[in-house]
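Here's the structure, in structure tokens; my notes come after.
The values are calculated or read from the model by the stated rules, or taken from the named source; none is laboratory data. All values reported here derive from a predicted model rather than from experimental measurement. Methodologically, a virtual Cβ is constructed for each residue, glycine included, from the backbone with ideal geometry; neighbour enumeration extends over all protein chains shown. Keep in mind that these areas ignore ligands, DNA and RNA; they rest on the heavy atoms of the full protein, side chains included. Shrake-Rupley method; radii C 1.70, N 1.55, O 1.52, S 1.80 Å.
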Amino acid sequence: MHWNIPKKPLIAVIDDEKSIRHGLSSLLRAVGYEVILFESAEAFLDYPLIHDIQLNILDLKLTGISGFELFKVLKDMKVDIPTIFISGNVEQSMINELNQRGGLLFLQKPIDIDRLLREIESIF
């Protein structure tokens, strides 16, 4: 007999802070999501199965290519992954531009976990 087991949504966490990556990974796995972690935009762009990712949680201020630049590169590549942005400090003008470009949500660090989970649930 062949069982058709539903695949869990795959969420990418892209943040250069190890503690943020691992904290979000633990949280998201605990509520039933598959998670893949990236410490940089460059590592994310090198991932061969990028089209399997169903949601990005993306830090705006990454070392190397910024999260903001990564989001624009993905849009230019026609890779349309819903994205929740996180950052410790960002200007309102950048938040406005992200929203205009299709960003879902911006969360200030420390992250409001309840709000994050509600947003993710609304996506899936």
Residue tally, condition open to solvent by less than 80 Å² (accessible area, probe 1.4 Å) and closer than 23 Å to Phe124 by Cα, over the range 43-53: 5
Looking at (1) more than 13 Å from the chain's Cα centre (by Cα); (2) aliphatic (A, V, I, L, M); (3) crowded, with 17+ Cβ neighbours inside 10 Å, which one does Leu105 not meet, given that it meets all the others? (1)
Take the residues in the range 21-41 that are of a type in the set (D, E, K, R) and within 18 Å of Ile86 (Cα to Cα), then tell me which one is most open to solvent (accessible area, probe 1.4 Å). Glu39
Search the range 108-123 for residues being in contact with a strand residue (DSSP E or B) (Cβ under 8 Å, 6 or more places away or on another chain) and open to solvent by 70 Å² or more (accessible area, probe 1.4 Å), and hand back the single one that is modelled with the lowest pLDDT. Gln108
Selection over the range 82-105 where residues are free of Cβ contacts under 8 Å to residues at least 60 places away in the same chain and farther than 15 Å from Ile123 by Cβ yields a count of 15
Log entry, pairs with first residue in the range 53-81 being farther than 19 Å from Leu24 by Cβ, second being polar (S, T, N, Q) and open to solvent by less than 50 Å² (accessible area, probe 1.4 Å), beta carbons closer than 6 Å, six or more apart or on different chains, reads Gly64/Ser40
Looking at Met77, is it within 25 Å of Thr63 (Cβ to Cβ), among the hydrophobic types (A, V, I, L, M, F, W, C) and open to solvent by less than 70 Å² (accessible area, probe 1.4 Å)? no
